[in-house]
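Let me begin by presenting the structure, written as structure tokens, before commenting on it.
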Amino acid sequence: MLNENIKSLRKSKGLSQEELAVKLNVVRQTISKWEKGLSVPDSDMLISISEALETPVSTLLGETIDEPKPDELKAISEKLEVINLQFAKRKTMTRKIFHWVFISLCTLIVIVFAVLFLLNSPYLGWDYSKPETAVMGVGFQSFEWLFVRLAPLALIGGIVGAVLTREKR
């Protein structure tokens, strides 16, 4: 049975004994002996033959493959449907989370801008002769300077993100 399977699969792939021998790194006579049933390949060679002929080893050995029954296909399709629904729910939840993160970012930026506007840089009137006050004043001024320059970009990014992640109806 193995000999007939090797021969028929080789021919169905359009390979000569010589071409199959080259793929398997054996001599042509070895292929001929296998096909005549005079010898059999070892297990490692069976794997190589199955790869060269692009077929499972079980097919080479003559095992028939059972086709899935319609009931099995229905069960598999139902499981796939459940998995797809779970992925869809996860995707929707992730989108909602990102949407609210973008909205929260925009709100936080607007609140910090309002606070900075209302405080009107109080550190400018501090006495910088004391080291503690000088360090804190420089820290506040650095934060305000960076925030005023970077926050508009973050606000635009947050608005764009909130628009892109909104729920489509």
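Overview of values
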item: Residue, modelled with the lowest pLDDT, within segment 8-25, restricted to residues that are under 39 Å from the mean Cα position of the chain (by Cα) and aliphatic (A, V, I, L, M); result: Leu9
item: Subset of segment 2-17 (residues that are surrounded by 15 or more Cβ atoms within 10 Å (Cβ to Cβ), within 16 Å of Leu46 (Cα to Cα) and not polar (S, T, N, Q)); result: Leu2, Ile6, Lys7, Leu9, Arg10
item: Residue in segment 26-36 that is at pLDDT 90 or above, outside any helix (DSSP H, G or I) and not assigned by TED's automatic domain parsing to the domain that holds Phe143 present; result: yes
item: Residue count for segment 131-169, restricted to those that are assigned to a helix (DSSP H, G or I), at pLDDT below 90 and charged (D, E, K, R); result: 2
item: Residue, nearest to Lys23 (Cα to Cα), within segment 50-67, restricted to residues that are exposed (fewer than 10 other Cβ atoms within 10 Å of the Cβ) and either modelled with pLDDT of 85 or more or of a type outside the set (Val, Ile, Thr) (or both); result: Glu54
item: Flag for Leu155 being closer than 30 Å to Ser16 by Cα and in contact (Cβ under 8 Å) with a residue 12 or more places away in the chain; result: no
item: Given (1) touching a Lys or Arg at 6+ places or on another chain (Cβ under 7 Å); (2) farther than 15 Å from Asn3 by Cα, number of the condition Ser39 does not satisfy; result: (2)
item: Condition check for Ile109: in contact (Cβ under 8 Å) with a residue 40 or more places away in the chain and out of contact with any Asp or Glu (no Cβ under 6 Å at 6 or more places or on another chain); result: yes
item: Answer residue from segment 129-156, given it is out of contact with any helix residue (DSSP H, G or I) (no Cβ under 8 Å at 6 or more places or on another chain) and among the small types (Gly, Ala, Ser) and is surrounded by the fewest Cβ atoms within 10 Å (Cβ to Cβ) among those; result: Ser129
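Conditions (1) more than 20 Å from Ala162 (Cα to Cα); (2) of a type in the set (Val, Ile, Thr), marked per residue:
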{"site": "Asp71", "(1), (2)": "yes, no"}
{"site": "Phe87", "(1), (2)": "yes, no"}
{"site": "Ile111", "(1), (2)": "no, yes"}
{"site": "Ser121", "(1), (2)": "yes, no"}
{"site": "Trp126", "(1), (2)": "yes, no"}
{"site": "Pro131", "(1), (2)": "yes, no"}
{"site": "Ala134", "(1), (2)": "yes, no"}
{"site": "Ala151", "(1), (2)": "no, no"}
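The values are calculated or read from the model by the stated rules, or taken from the named source; none is laboratory data. Computed from a predicted structure; not experimentally measured. Reconstructed Cβ throughout: ideal geometry from the backbone, glycine too, with neighbour counts over all protein chains shown.
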